[in-house]
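Participant: Here it is, the structure, as structure tokens.
The values are calculated or read from the model by the stated rules, or taken from the named source; none is laboratory data. Note that the structure is predicted; figures quoted are calculated from it, not measured. So basically every Cβ, Gly included, is an ideal-geometry build from the backbone, and we count neighbours across all protein chains shown. Accessible surface areas use protein heavy atoms only, side chains included; no ligands, DNA or RNA. Shrake-Rupley method; radii C 1.70, N 1.55, O 1.52, S 1.80 Å.
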Amino acid sequence: MASQTNNTPHLHVAIIGSGPAGFYTAQALFRARPDIQIDLYERLPSPFGLVRSGVAPDHQKLKRPIQLYEQIASHTNFNLIANVTVGVDLPIAALSQHYHAVVLAKGTESGRLMNIPGEHLSGCHSATAFVGWYNGHPDFRDHVFDLSHENAIIVGQGNVAIDVCRILTKTVDELRHTDIAEHALDALAESRIRQVYLVGRRGPVQAKFTYQELKELTELSACILQTSAEELILNPASEAELAKRDSATRGRVRNYETLTKFAIESLSTKPRRCTLRFLLSPIKLMGNQQLQQVVFERNHLTGPVSQQTALGTGEYETIDCGLLLSSIGYHGTPMTGVPFDSAQGIIPNQQGRVLDHD
Ligand SMILES: Cc1cc2nc3c(=O)[nH]c(=O)nc-3n(C[C@H](O)[C@H](O)[C@H](O)COP(=O)(O)OP(=O)(O)OC[C@H]3O[C@@H](n4cnc5c(N)ncnc54)[C@H](O)[C@@H]3O)c2cc1C
């Protein structure tokens with residue numbers, strides 16, 4: 001045990017959540033006060049949050065921080081208390097009484113809803129559930145994803161959307177040597193999906209994915225990338241965004257150059273196709289219990305440079321599909337006994353300190 005210094009009492013801190021936020025908090029506290037006692041509570045049987053169950057199974061290198069977390073966890077004054085859901089198994093008030101400080105590092109666990117008619121249809125899921133399923137997260141392991149349809153749509157154009165697209169379009173041989181869960185590999189081996197649409201409400205310059213992720217989509221052995229020349233035409237504000245000279249723009253320029261290379265009809269014989277579509281917002285999902293079609297409204301961009309928003313044009317397009325995965329961001333979930341701002345999906349706080357109910 002570390003010894004007490006300057007007669008100051010041991011500080012005893014509880015951290016809720018064993019993802020990166022929880023572990024880096026523990027690291028910072030140990031650096032500031034090596035004699036501090038830390039109990040880290042985790043609701044799942046195993047630690048590391050989304051580094052374990054979010055990061056794509058074919059991106060093993062990105063899981064390297066786990067080595068550091070294991071080092072932090074080996075500190076004599078560190079306890080991991082797994083399989084305990086704070087707010088359910090253990091009231092937050094009880095923790096507050098027994099610790100000098102309680103740190104909430106519980107992540108944002110649910111996918112944002114699209115809030116459109118038909119979202120309840122079978123075949124419509126959040127990317128959160130799909131990612132959890134292929135990563136073996138206990139909450140999602142038993143979910144069933146019907147991969148028997150030819151067309152799938154992913155709504156959203158961030159890196160999570162690209163991860164999901166890659167998993168749907170890689171061959172079993174490409175996936176076999178990754179960290180993918182066995183049940184997901186078996187199901188994907190039977191997949192009949194041939195066409196994946198990756199749809200964004202704004203244009204190619206505003207898409208959130210990084211160049212590295214986009215590049216990987218161009219390198220798949222059995223899937224060709226495609227874009228539409230018409231949707232790559234930029235308005236003056238988007239041209240100005242692309243002409244900026246900051247580091248974020250360099251990535252956007254590379255994205256745009258890559259996308260333009262795939263705007264011609266390809267003669268590829270690859271059996272799968274991933275089509276990036278821009279300036280489309282889903283407004284309605286259709287089907288009789290099972291999802292069959294998605295109606296999109298075409299958008300145009302409006303507003304000043306770097307703050308452009310998508311505005312519906314009143315033109316519509318319908319795409320057939322049996323599987324839709326929405327990947328439009330994450331939303332926190334409330335914890336009993338802790339204030340919660342349900343509109344923003346966050347714990348209200350001022351510079352990290354939780355604000356009281358009133
Ligand atoms: C699909 C996906 C891919 C990603 N890929 C990358 C990537 O390649 N590179 C990158 O840098 N970032 C990536 N990220 C982002 C990164 O994973 C997150 O930013 C990071 O994990 C957030 O850390 P966190 O500690 O806040 O939350 P989390 O990692 O979500 O950890 C929160 C932990 O708290 C636990 N918890 C929740 N509620 C309770 C409770 N009541 N009691 C006890 N425990 C609780 C949860 O079980 C979880 O273990 C990805 C995210 C996703 C979703």
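Participant: Whole number in Å², please: accessible area per residue of segment 205-357, 1.4 Å probe, ligands, DNA and RNA not counted.
Facilitator: I get 55 Å² per residue for this part.
Participant: Just to check I understand the Karplus step: with θ = phi - 60° and J = 6.51 cos²θ - 1.76 cosθ + 1.60, what whole-Hz values come out for segment 100-116, glycine and proline as x?
Facilitator: The phi angles translate into 6, 8, 10, 10, 8, 9, 8, x, 10, 8, 10, x, 5, 7, 7, 6, 10 Hz.
Participant: Using only Cα atoms, tell me the angle between helix 247-261 and the longest principal axis of the chain; keep it within 0 to 90° and round to the nearest 10.
Facilitator: Long axis of 247-261 versus the principal axis of the chain: about 30 degrees.
Participant: May I ask you to give the percent of accessible area on the chain that is carbon plus sulfur, with a probe radius of 1.4 Å?
Facilitator: Using a 1.4 Å probe with all protein chains present, the chain comes out at 50 percent carbon and sulfur.
Participant: As a test, work out the antiparallel percent of DSSP beta bridges whose residues both lie in the chain, rounded to the nearest 5.
Facilitator: Taking every DSSP beta bridge within the chain, about 35 percent pair in antiparallel fashion.
Participant: Under a point-charge model restricted to the Cβ atoms of Lys and Arg (+1) and Asp and Glu (-1), what is the dipole moment magnitude of the chain relative to its Cα centre, in debye to the nearest 20?
Facilitator: Charge dipole of the chain: 840 debye, to the nearest 20.
Participant: Could you do me a favour and compute the accessible area per residue for segment 27-167, 1.4 Å probe, result in Å²?
Facilitator: Spelled out: the 1.4 Å probe surface of segment 27-167, per residue, equals 46 Å².
Participant: Distance from the Cα centre of segment 49-112 to that of segment 182-228, in angstrom?
Facilitator: 30 Å
Participant: Might you report the magnitude of the Cβ-based charge dipole of segment 27-81 about its Cα centre, with Lys and Arg at +1 and Asp and Glu at -1, to the nearest 20 debye?
Facilitator: 180 debye
Participant: Tell me, which longest segment in the chain has none of the GluC sites (Glu not before Pro) that fall in DSSP loops with at most 10 further Cβ atoms within 10 Å? Please list the in-between numbers first.
Facilitator: Values: sites that count: 190, 219, 265.
It works out to 1-189.
Participant: Report the chymotrypsin sites (Phe, Trp or Tyr not before Pro) located in segment 60-159 that are in a DSSP loop and have at most 15 other Cβ atoms inside 10 Å of their Cβ, or state none.
Facilitator: Answer in residue order: no site qualifies.
Participant: Rounded to whole Hz and in sequence order, give me ³J(HN,Hα) for segment 34-42 from the Karplus expression 6.51 cos²θ - 1.76 cosθ + 1.60, θ = phi - 60°, writing x for Gly and Pro.
Facilitator: x, 8, 5, 9, 10, 10, 10, 9, 9
Participant: With the Cα gyration tensor of segment 110-330 in hand, convert its eigenvalues to equivalent ellipsoid semi-axes via √(5λ) and list them largest first in whole Å.
Facilitator: So the equivalent ellipsoid measures 28, 21, 16 Å along its semi-axes.
Participant: Pick out, from 168, 129, 178, the residue whose Cα sits farthest towards the positive end of the charge dipole of segment 108-194, with +1 on the Cβ of Lys and Arg and -1 on the Cβ of Asp and Glu.
Facilitator: Final value for the positive-end residue is 168.
Participant: Under the rule of -39500 (n - 2.57) per DSSP H run of 4 or more residues, summed and divided by the residues of the chain, what mean residue ellipticity at 222 nm is obtained, to the nearest 500 deg cm²/dmol?
Facilitator: On the way: 11 runs with 97 residues, N = 358.
Roughly -7500 deg cm²/dmol at 222 nm, from the helical runs in the chain.
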